Amino acid sequence: MSAFEAEQSVPRFAHGSRVPGWDDAVDVNKDPASIPDPATTAVPDDLRAEIEEHMSRYPDRRSAAIPALRAAQRRHGWCSPQAIDQVASVMRVTPGYLASIATFYDMTENEPRPDHHDVFVCTNISCSLLGAPDVFAAFQEVASDEDRIHVRSFECLGACDIAPMASVDGVYVGPLEPRDAQTVVDDIKAGRPVLEDRQLARRPVADEEARGA
């Protein structure tokens, strides 16, 4: 398959992106939001502690926005207005700032959804050249009747050295072949680690201490 054929075989939305939402209109009539008042914004203690721990890793607290949103999403199931307000209160930023991030990245959910597993198949250039469109199609077929397994293509997961690859609930696995889709789905349903021998985190490294860094 040529690079052009690989690119064309990945479905796109009318606005040109592989993911939805890029042409969702913004409500320009909303009043500007201010930073939520910590005195009146209830934030669970464990969520606050996790957000603050993420913030402590960066010189600019705003750099912790994505892991903080993910923490809130795990608690609420999605980046609800309440979840965004809680994160904004702890991080001392406006909800609008966080909403702009939550609506940009694929790993954040902006609508309520039942408990599910995410399978993101990278379909960017390196993965596409090595067969990602076929891998993506195989996952779609195998998981078509699985209500709790959500498969989507992803612009780039940044792991070109194991292309074609996918993220399964945040676990990077690869290289993949179409036949691996059934194994991944079976592992998910059985509650097993997915493709344990091909997880990026389990690859040998020169410095074992770097694995936990």
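Every number here is computed from the coordinates shown, using simple stated rules; none is lab data. Treat the numbers as computed from the prediction; the structure is a model and nothing was measured. Backbone-built Cβ (ideal geometry, glycine too); neighbour counts: all protein chains shown.
Select from the range 45-102 the residues that are among the charged types (D, E, K, R) and part of a helix (DSSP H, G or I) and list them in ascending order.
If the condition is that a residue be among the charged types (D, E, K, R) and part of a helix (DSSP H, G or I), then Asp45, Asp46, Arg48, Glu50, Glu52, Glu53, Arg61, Arg62, Arg70, Arg74, Arg75, Asp85 are the ones that fit.
Looking only at the range 75-107, count every residue that is surrounded by fewer than 21 Cβ atoms within 10 Å (Cβ to Cβ) and under 23 Å from Tyr172 (Cα atoms) and tell me the total.
The qualifying residues number 9.
State which residue pairs qualify: first residue touching a residue at least 12 places away in the same chain (Cβ under 8 Å) and surrounded by 18 or more Cβ atoms within 10 Å (Cβ to Cβ) and inside the range 126-138, second residue in a helix (DSSP H, G or I) and of a type in the set (Ser, Thr, Tyr) in any location, beta carbons under 9 Å apart, and separation of 6 or more residues or different chains.
Ala132/Ser126
Quick check on my filter: what residues within the range 140-192 are within 16 Å of Ser128 (Cβ to Cβ) and among the acidic types (Asp, Glu)?
Within the range 140-192, Glu155, Asp161, Glu177 meet the criteria.
Restricting to the range 108-123, name every residue that is surrounded by 15 or more Cβ atoms within 10 Å (Cβ to Cβ) and of a type outside the set (A, V, I, L, M, F, W, C).
Once the filter is applied, which keeps residues that are surrounded by 15 or more Cβ atoms within 10 Å (Cβ to Cβ) and of a type outside the set (A, V, I, L, M, F, W, C), the range 108-123 yields Thr108, Glu109, Asn110, His117, Asp118, Thr123.
I'd like the residue in the range 139-153 that is surrounded by 20 or more Cβ atoms within 10 Å (Cβ to Cβ) and small (Gly, Ala, Ser) and, out of all such residues, is farthest from Ser63 (Cα to Cα).
So the residue we want is Ala143.
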